[in-house]
1. Collect the residues in the range 44-73 that are closer than 13 Å to Met111 by Cβ and exposed (fewer than 15 other Cβ atoms within 10 Å of the Cβ), keeping them in residue-number order.
2. In the range 93-118, what residues are of a type in the set (D, E, K, R) and closer than 20 Å to Lys81 by Cβ?
3. Is the range 85-94 home to any residue that is among the hydrophobic types (A, V, I, L, M, F, W, C), under 20 Å from Val56 (Cα atoms) and over 12 Å from the mean Cα position of the chain (by Cα)?
4. Looking only at the range 103-128, which residues are over 22 Å from Asp32 (Cα atoms) and part of a helix (DSSP H, G or I)?
5. If the requirement is being closer than 15 Å to Phe40 by Cα and in contact with a Gly (Cβ under 7 Å, 6 or more places away or on another chain), which of these qualifies: Leu95, Leu99?
6. Name every residue in the range 53-73 that is touching a Gly at 6+ places or on another chain (Cβ under 8 Å) and either in a loop (DSSP other than H, G, I, E, B) or β-branched (Val, Ile, Thr) (or both), in order of residue number.
Amino acid sequence: MTGYDVRGSFKGCGLAIAAFLLAAGSAQADGDAAKGEQVFKKCMACHTVSDKTNKVGPSLVGIVGRPVASVEDYKYSDDMKAYGATGAVWDEAALQAYLEKPKAVVAKTKMAFAGLNKEDEREDLIAFLKTKM
């Protein structure tokens, strides 16, 4: 074959691009706890992260990694209890889904909040909640 073989010049380039995108994606997924503290202002009328006192909603202290519907002395909706009975845990993926559209995850949740449309706000809020263990 004569001339320049374009396919050979890009060999390994796909792996480099994939590695870059994975690194960039994981950096984005971490969120910014300081920004998340600002996002939490939308939640603080009903939730607390400073102590384990329940308000209109349950305390969010230690929520990341906690089983769903497991806060003592909080009266969850029947649908939230059923979700918790499946063994669901508030990991990052579950929080992402719930914070985006609560009623899409638990149809009859007591939470009236419609959700956070922006993924970066959800990631920042989760990063903030991780600091409240």
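Derivation of every value follows stated rules applied to the coordinates shown; laboratory data play no part. What you are looking at is a predicted structure, and each value in this text was computed from that prediction instead of being measured. Every residue, glycine among them, receives a Cβ derived from its backbone with ideal geometry; neighbour counts consider all protein chains shown.
1. Ala45, Lys55, Val56
2. Keep residues of the range 93-118 that are of a type in the set (D, E, K, R), which gives 100-101, 103, 108, 110, 118.
Matches in the range 93-118: Lys101, Lys103, Lys108, Lys110.
3. So in the range 85-94, the residues among the hydrophobic types (A, V, I, L, M, F, W, C) come out as 85, 88-90, 93-94.
Retained after the next criterion (residues that are under 20 Å from Val56 (Cα atoms)): 90.
In the following step, the residues that additionally are over 12 Å from the mean Cα position of the chain (by Cα) were identified as none.
No, the range 85-94 contains no residue that is among the hydrophobic types (A, V, I, L, M, F, W, C), under 20 Å from Val56 (Cα atoms) and over 12 Å from the mean Cα position of the chain (by Cα).
4. Lys103, Ala104, Val105, listed by residue number.
5. On the way: Leu95 fails: in contact with a Gly (Cβ under 7 Å, 6 or more places away or on another chain).
Step by step, each of Leu95, Leu99 is checked, and only Leu99 is closer than 15 Å to Phe40 by Cα and in contact with a Gly (Cβ under 7 Å, 6 or more places away or on another chain).
6. Filtering the range 53-73 down to residues touching a Gly at 6+ places or on another chain (Cβ under 8 Å) leaves 67-70.
Answer for the range 53-73, where residues must be touching a Gly at 6+ places or on another chain (Cβ under 8 Å) and either in a loop (DSSP other than H, G, I, E, B) or β-branched (Val, Ile, Thr) (or both): Val68, Ala69, Ser70.
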